[in-house]
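The values are calculated or read from the model by the stated rules, or taken from the named source; none is laboratory data. Keep in mind the model is a prediction, meaning the values are calculated, not measured. Note: ideal-geometry Cβ built from the backbone for every residue, glycine included; neighbour counts use all protein chains shown. Just the protein is used for accessible areas: all its heavy atoms, side chains included, with ligands, DNA and RNA removed. Shrake-Rupley method; radii C 1.70, N 1.55, O 1.52, S 1.80 Å.
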Amino acid sequence: MSTITSEPRVNLKAATPDVSAAMRALHVAASDAAARAGLPVLLLELLRLRVSQINGCEFCIDLHAKDARAAGESLGRLDALRTWAESPLFDAREKAALALAEAITLVHDGRVPDEVYRAAATEYDEEGVAALIWVSTVINAYNRIAISTRMVPPAPQPQTTSN
């Protein structure tokens, strides 16, 4: 049975602007904590994209793939993101962060295993691990909002050619 419908859904920003503003403030605070911890923007975009892939959030996948490309991420690494654990394109720090983000996203599958947490704590200091947890939590929340309200990515713009 399909759960996809064309029925209108609530616009959370319009219906609950105070809560939407608080969610935005949490996103900004998590991003600021990541910056203070020295976490690269590209890592954060990879993390957000991977979590969105797991959750199947079309809106966030589109957004974070574009943001990653705009920040300088290569198409090869973006294409390999689904198989990051086996890919030589990702280093140990990135793999530890992605593993932690996946464990947080799939927390119902057995919590966040000690070995995953330990690997992240080996690669990042306490401030870095805290920031990874916050960024992972925020993108999971945004995925649930976008999926619940059936947000869709903007329509692609037609390619123009100059002659």
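If you go through the range 29-43, how many residues are within 17 Å of ASP67 (Cβ to Cβ) and open to solvent by 60 Å² or more (accessible area, probe 1.4 Å)?
4
Against the condition outside any helix (DSSP H, G or I), charged (D, E, K, R), more than 17 Å from SER31 (Cα to Cα) and free of Cβ contacts under 8 Å to residues at least 24 places away in the same chain, how does ARG69 come out, does it pass?
Spelling it out, it is not the case that ARG69 is outside any helix (DSSP H, G or I), charged (D, E, K, R), more than 17 Å from SER31 (Cα to Cα) and free of Cβ contacts under 8 Å to residues at least 24 places away in the same chain.
Any residue in the range 119-131 that's without any contact (Cβ under 8 Å) to a residue 12 or more places away in the chain: show its pairings with residues that are part of a helix (DSSP H, G or I) and of a type outside the set (Ser, Thr, Tyr) at Cβ separation under 8 Å, as long as the two are six or more apart or on different chains.
From the range 119-131, the pairs are ALA121/VAL129.
For ASP79, which of the numbered conditions (1) touching a Ser or Thr at 6+ places or on another chain (Cβ under 8 Å); (2) without any contact (Cβ under 8 Å) to a residue 40 or more places away in the chain; (3) not small (Gly, Ala, Ser) fails to hold?
The number of the failed condition is (1).
Considering only the range 102-112, state which residues are touching a residue at least 24 places away in the same chain (Cβ under 8 Å) and outside any loop (DSSP other than H, G, I, E, B).
At the first step, the residues of the range 102-112 found to be touching a residue at least 24 places away in the same chain (Cβ under 8 Å) are 102, 104-106.
Within the range 102-112, GLU102, ILE104, THR105 meet the criteria.
Looking at the range 58-75, which of the residues that are open to solvent by less than 30 Å² (accessible area, probe 1.4 Å) and within 16 Å of ALA155 (Cα to Cα) is farthest from the chain's Cα centre (by Cα)?
ALA65
Restricting to the range 142-153, and then to whatever is in a helix (DSSP H, G or I) and polar (S, T, N, Q), can you tell me which residue is farthest from GLU7 (Cα to Cα)?
Looking only at the range 142-153, we keep the residues that are in a helix (DSSP H, G or I), and these are 142-148.
Restricting the remaining residues to those that are polar (S, T, N, Q) gives 143, 148.
On the way: ASN143: 19, SER148: 12 Å.
Restricting to residues being in a helix (DSSP H, G or I) and polar (S, T, N, Q), the top hit is ASN143.
Considering each of LEU47, LEU78 in turn, give the residue that is more than 14 Å from SER136 (Cβ to Cβ) and open to solvent by less than 50 Å² (accessible area, probe 1.4 Å).
That would be LEU78, the only listed residue that is more than 14 Å from SER136 (Cβ to Cβ) and open to solvent by less than 50 Å² (accessible area, probe 1.4 Å).
Scan the range 113-141 residue by residue and report those that are open to solvent by 50 Å² or more (accessible area, probe 1.4 Å) and in a loop (DSSP other than H, G, I, E, B).
ASP125
Here are the criteria: (1) open to solvent by 40 Å² or more (accessible area, probe 1.4 Å); (2) assigned to a helix (DSSP H, G or I); (3) farther than 19 Å from ALA146 by Cα; (4) hydrophobic (A, V, I, L, M, F, W, C). Tell me which single one ALA96 does not satisfy.
Of the numbered conditions (1) open to solvent by 40 Å² or more (accessible area, probe 1.4 Å); (2) assigned to a helix (DSSP H, G or I); (3) farther than 19 Å from ALA146 by Cα; (4) hydrophobic (A, V, I, L, M, F, W, C), the odd one out for ALA96 is (1).
What are the pairs, 6+ residues apart or on separate chains, where a residue within the range 85-101 that is closer than 21 Å to TRP134 by Cβ and touching a residue at least 40 places away in the same chain (Cβ under 8 Å) has its Cβ under 7 Å from a residue that is of a type in the set (Val, Ile, Thr) and buried (at least 17 other Cβ atoms within 10 Å of the Cβ)?
Partner pairs satisfying both residue conditions: ALA101/VAL51.
Only one residue in PRO88, PRO156 is modelled with pLDDT under 95 and either among the aliphatic types (A, V, I, L, M) or part of a loop (DSSP other than H, G, I, E, B) (or both), so which one is that?
Residue meeting the stated conditions: PRO156.
Here's the yes/no breakdown for (1) of a type in the set (Gly, Ala, Ser); (2) modelled with pLDDT of 95 or more; (3) closer than 18 Å to ALA97 by Cα:
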residue: MET23; (1), (2), (3): no, yes, no
residue: ALA35; (1), (2), (3): yes, yes, yes
residue: LEU39; (1), (2), (3): no, yes, yes
residue: GLU45; (1), (2), (3): no, yes, yes
residue: LEU49; (1), (2), (3): no, yes, yes
